[in-house]
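Every number in this text was worked out from the coordinates using simple rules, so none of it is lab data. Fair warning: this is a prediction, and the values are worked out from it, not measured in the lab. Please note: Cβ atoms are built from the backbone with ideal geometry, for glycine as well, and neighbour counts cover all protein chains shown.
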Amino acid sequence: MKIDRAKTSLFAGLLAAYAGLMLANPVFPPLARELGLTEVQAGMVISAAALVFALASPFWGWLSDRTGRKLVFVIGLVGIAISFLMFAVAGHLGLIGALSGAALLAALFATRVILGALVGAVPVSAQAYMADVTGAADRSAGMALIGAANGLGTLLGPALAAFLVTFGLLTPFYAGAAIALFAALALSIFMPPSPRQQSMDQPPRIMPWDRRVWPFLFLGFATVTVIVLLQITLGFYLIDRFSLTPVDAAQTAAIGLLVVGMALAVVQGVFVTRYKWSPRTLLRSGSQIMGLGLICAVLAPSLLLLIAAFAVMGIAGGLLFPGFTSGASLAVSDDEQGAIAGLNSAASGVGAVIGPLIGTALYQAHITAPYIASAVLFVVLVVFVWVHPKVKHAITQDASAKANTAGEHSR
């Protein structure tokens, strides 16, 4: 019962966090246009959070080993609330002309740095917490539950944004702050501490090039790079390819991300948690389906078919995310779960940095270039997941028992 309560609390907190964060994604490109930002400037603002997220994530993993998963999780939720409120204020000043040019860009940049520094606490502590309450046999299913919360948040956030944006482009940011703050207060009361958590004076560290885990970190980096790249450029693509207004583009992008969220939630929350597929199966299937979805997106001649292609990519993401997170988690010992959770989030964070920068640069070259480049990348990844020995042997097994005797960390 205690473990069930732990999983339920974790799921609810993650749902609030991801739904709040996803309120902003479909709104930001049209808002950037209204604020007079170029595509590259918009990419820089978004990447500011991702870069700090990547740098801070290992620290949150270390702190979760020192002080406990729950405290770190709540800190992350409070960070979302503070940064969203600050962004909304800066955006409002920009819309009324009180801030402009370099001052506006610096203000938006600063709010995103604060978000990046604090929000990493959420996924890092969540992955370590889930590893604490699951065994090797159901690790993939447990990580899929985290992904299901992400997917459902991706579903609810854009849906709510499509409604809230009718009251103004900044309304979703105020709502995101309120949701995160409420979740932080609720979980500080109801979320049980991790049942395995014991404070460690000197938590173990893992290097990104550790041969046990680097293939999974690389796959996580590549997957997030592509997904964020497509999310960030979608609003611009809808405006330029289909001649939509900024508000219409925000609403249509919200629908597209809504479909992605539905696919993510169903695949992870229903199929992966039920069938408990191995990391190897998840990564091989997911990479192939993602490649198919990207090719379909390049060829899509209408809004309906473009949204259908995003649904295919959502299915792929629902397989890939629990694949690389559980693969990395199973490759290390119980004492290293905080460390690997930090590296998993750092790899995703680096992808979230690279994605907007590459995506907006490619988009300025040609509006279909982000989709074509992503399709080529996943053709390469399909080969990688089939031939690399670490992925080939990434079956559900208790790696933690032998990790303590394997002196081959290759740090």
Practice problem: Using all C-alpha to C-alpha distances in segment 268-343, build P(r) with 5 Å bins and read off the rounded percent in each one. | Solution: 3, 16, 21, 17, 16, 12, 8, 4, 2, 1, 0
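When only Cα pairs under 8 Å and 6 or more residues apart are kept, what is the percent relative contact order across segment 154-268? Could you put the intermediate results ahead of the total?
Values: 51 pairs, mean separation 62.9, N = 115.
Relative contact order here is 55 percent.
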Quiz item: How about segment 11-98: which trypsin sites (Lys or Arg not before Pro) there are in a DSSP loop, with at most 11 other Cβ atoms within 10 Å of their Cβ?
Solution: none
Self-check item: Residues Arg274 and Phe190, FRET efficiency given R0 of 30 Å [Cβ-Cβ distance, rounded to 0.05]
Solution: 0.65
Quiz item: Per residue, what volume in Å³ does the Cα convex hull of segment 144-275 take up?
Solution: 178 Å³
Quiz item: Given segment 198-334 reduced to its alpha-carbon atoms as identical point scatterers, what log10 I(q)/I(0) does the Debye formula return at q = 0.09, 0.10, 0.11, 0.22 Å⁻¹?
Solution: -0.34, -0.41, -0.48, -1.26
Quiz item: Hey, what did segment 1-114 get for relative contact order, percent, Cα under 8 Å, at least 6 apart?
Solution: 33 percent
Exercise. Apply the Karplus parameterisation 6.51 cos²θ - 1.76 cosθ + 1.60, with θ equal to phi minus 60°, to every residue of segment 248-262 and state each ³J(HN,Hα) to the nearest whole Hz, in sequence, with x for glycine and proline.
Key: 5, 5, 4, 5, 5, 4, 4, 5, x, 6, 4, 5, 4, x, 4
Quiz item: How much space per residue, in cubic angstrom, does the convex hull of the C-alpha atoms of segment 134-184 take up?
Solution: 68 Å³
Quiz prompt | Over 23 Å (Cα to Cα) - which of Lys276/Lys390; Lys7/Lys390; Lys7/Lys392; Lys70/Lys392 fall in this group | solution = Lys7/Lys390; Lys7/Lys392; Lys70/Lys392
Quiz item: In debye to the nearest 20, how big a dipole does the chain give about its Cα centre with +1 on each Lys and Arg Cβ and -1 on each Asp and Glu Cβ?
Solution: 680 debye
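Kindly put Val350, Val260 in sequence by how many other C-beta atoms sit within 10 Å of each C-beta, fewest to most.
Values: Val350 22, Val260 29.
By the 10 Å Cβ count, ascending, the order reads Val350, Val260.
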Quiz item: Taking one equal scatterer on every alpha-carbon of the chain, how large is log10 of I(q)/I(0) by Debye at q = 0.07, 0.11, 0.14 1/Å?
Solution: -0.29, -0.73, -1.22
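How do the peptides 35-48, 380-393, 291-304 rank, highest first, by the average count of neighbouring beta carbon atoms within 10 Å per residue?
Working: 35-48: 20.1, 380-393: 15.4, 291-304: 17.0.
Going by the mean number of other Cβ atoms within 10 Å, highest first, we get 35-48, 291-304, 380-393.
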Quiz prompt | Potential extension, Thr245-Val40 segment - 0.36 nm per residue separation minus Cα distance | solution = 71.8 nm
Quiz item: When the scattering of segment 9-94 is computed by the Debye formula from its Cα atoms alone, each counted once and equally, what is log10 I(q)/I(0) at q = 0.13, 0.21, 0.23, 0.26 Å⁻¹?
Solution: -0.53, -1.13, -1.25, -1.40
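How high is the relative contact order of the chain? Use alpha-carbon pairs under 8 Å, at least six apart in sequence, and give a whole percent. Could the numbers behind the result be given before it?
On the way: 781 pairs, mean separation 116.8, N = 411.
Dividing the mean separation by the residue count of the chain yields 28 percent.
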Quiz item: Which value in deg cm²/dmol, rounded to the nearest 500, describes the helix-derived mean residue ellipticity at 222 nm for the chain, given -39,500 (n - 2.57) per DSSP H run of n ≥ 4 and division by the residue count?
Solution: -26500 deg cm²/dmol
Quiz item: Along segment 326-337, what does the Karplus equation 6.51 cos²θ - 1.76 cosθ + 1.60 (θ = phi - 60°) give for ³J(HN,Hα), rounded to whole Hz, x for Gly and Pro?
Solution: 6, x, 5, 5, 6, 7, 10, 7, 4, 5, 9, 5
Exercise. Pick out which of Thr223, Thr245, Thr171 has the largest mean-square fluctuation in a Gaussian network model of the chain, springs linking Cα atoms closer than 10 Å.
Key: Thr245
Quiz item: With θ set to phi - 60° and the Karplus curve 6.51 cos²θ - 1.76 cosθ + 1.60, what are the ³J(HN,Hα) couplings of segment 146-152 in order, to the nearest whole Hz, using x for Gly and Pro?
Solution: 4, x, 5, 5, 4, x, 5
